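Read through the structure below, which is laid out as structure tokens, and then see the notes.
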Amino acid sequence: MRNENCIFCKIAAGEIPSATLYEDEDFRVFLDLGPANDGHALIIPKEHYANLLELPEELCGKAMVIAKKLAKRLKDFTGADGVNIVNNNGEAAGQSVFHFHVHVIPRWKNDGKFPLWIPGELTDEVRDKLVEEFKKNPLV
Ligand code: AMP
């Protein structure tokens, strides 16, 4: 499955060059061209899925294993203090390339890059509504 207009499909297929760190039959890992920090890498499936919600579950598991191993290697190699694993789904959530990808971003103390959100407050009303909903309709 492939989308002719998708830049990550072309990178996945090797038709557009990328600084590839890892590749297997299902995934390619390459350096982000607009990195938040040195070592910022992207994990993409070779097949086209717009986002996590469309990704088959077996590939979700595989992507997370690659993210874990990559996070460890990048942290060790760059000497980073921490690593963010980020996945944006939908324009409202900051997704700009609509082919599922996971960002693996080495972080240094006080690198000033981002808090991903400004903490708010969990209200009783919202808490009760969500807990009730998930009790009624279990996730798995
Ligand atoms: P997102 O905003 O989560 O969709 O992230 C898309 C990411 O893809 C951004 O961090 C871009 O810098 C990166 N990006 C876009 N085009 C390329 C490319 N040709 N090679 C490497 N990274 C890219």
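For the reader, a short list of remarks on this structure follows.
- Entry remark, the stretch 36-53: residues being without any contact (Cβ under 8 Å) to a residue 60 or more places away in the chain and closer than 18 Å to residue 116 by Cβ number 2 in total.
- Residue in the stretch 25-49 that is surrounded by the most Cβ atoms within 10 Å (Cβ to Cβ), counting only those that are of a type in the set (D, E, K, R) and touching a helix residue (DSSP H, G or I) at 6+ places or on another chain (Cβ under 9 Å): 28
- Check on residue 60, surrounded by fewer than 19 Cβ atoms within 10 Å (Cβ to Cβ), touching a residue at least 60 places away in the same chain (Cβ under 8 Å) and either within 15 Å of the ligand (Cβ to nearest atom) or within 17 Å of residue 100 (Cβ to Cβ) (or both): no
- Residue within the stretch 90-111 that is at pLDDT below 95, β-branched (Val, Ile, Thr) and either surrounded by fewer than 17 Cβ atoms within 10 Å (Cβ to Cβ) or within 22 Å of the chain's Cα centre (by Cα) (or both) present: no
- Residue count for the stretch 86-136 under the criterion of being of a type in the set (Val, Ile, Thr) and either in contact (Cβ under 8 Å) with a residue 40 or more places away in the chain or touching a strand residue (DSSP E or B) at 6+ places or on another chain (Cβ under 6 Å) (or both): the result is 5.
- Contact annotation: residue pairs with Cβ atoms under 6 Å, 6 or more positions apart or on different chains, pairing a residue in the stretch 1-24 that is exposed (fewer than 11 other Cβ atoms within 10 Å of the Cβ) with a partner that is modelled with pLDDT of 95 or more, are 1/47; 1/48; 19/30; 19/31.
- Any hit, the stretch 114-137, residues being among the small types (Gly, Ala, Ser), modelled with pLDDT of 95 or more, over 12 Å from the mean Cα position of the chain (by Cα) and surrounded by 10 or more Cβ atoms within 10 Å (Cβ to Cβ): no
The values are calculated or read from the model by the stated rules, or taken from the named source; none is laboratory data. As the structure is a computational prediction, the values presented were derived from the model and not from experiment. Don't worry about glycine lacking a Cβ; one is built from the backbone with ideal geometry, like all the others, and counts go over all protein chains shown.
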